[in-house]
Amino acid sequence: QVQLVESGGGLAQAGDSLRLSCAASGFTFSSYTMGWFRQAPGKEREFVSAISWSVAPPVYADPVKGRFTISRDNAKNTVYLQMSSLKPEDTAVYYCAAHSRGSYYYSGSYDYWGQGTQVTISA
């Protein structure tokens, strides 16, 4: 069955870096655009970044542009999110997801989701 397992979250201080990983199985990873979303307490899930299965450049939400970098390793069926210059407002549960149709920015466009990994940034 399809599985997406995130890891790499934790507690960090403002200005620190973290790298999240998402290991995928149960589907043809190399054929899917993969995305990262996040959800802070009391807020809706929001788009962070997406990386295409093709050569198209990655896309980022404005709040993370220049600080976060998404990448993938199709040989390892893994997508990464390198997060730098972290801010307290980056605190959230981070989810990876496999895109199926429609806008990359909309959570409803993704069929498969991981369980999430908590990222907490202290000031």
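The values are calculated or read from the model by the stated rules, or taken from the named source; none is laboratory data. None of these values were measured; they are calculated from a predicted model. Just the protein is used for accessible areas: all its heavy atoms, side chains included, with ligands, DNA and RNA removed. Shrake-Rupley method; radii C 1.70, N 1.55, O 1.52, S 1.80 Å.
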*Considering Cα pairs under 8 angstrom that are at least six residues apart, work out the relative contact order of the chain and quote it in whole percent.*
35
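Over the chain, what per residue volume does the convex hull of the Cα atoms give, in whole Å³?
95
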_Accessible surface of region 22-123 [probe 1.4 Å, protein heavy atoms]: carbon and sulfur percent_ = 51
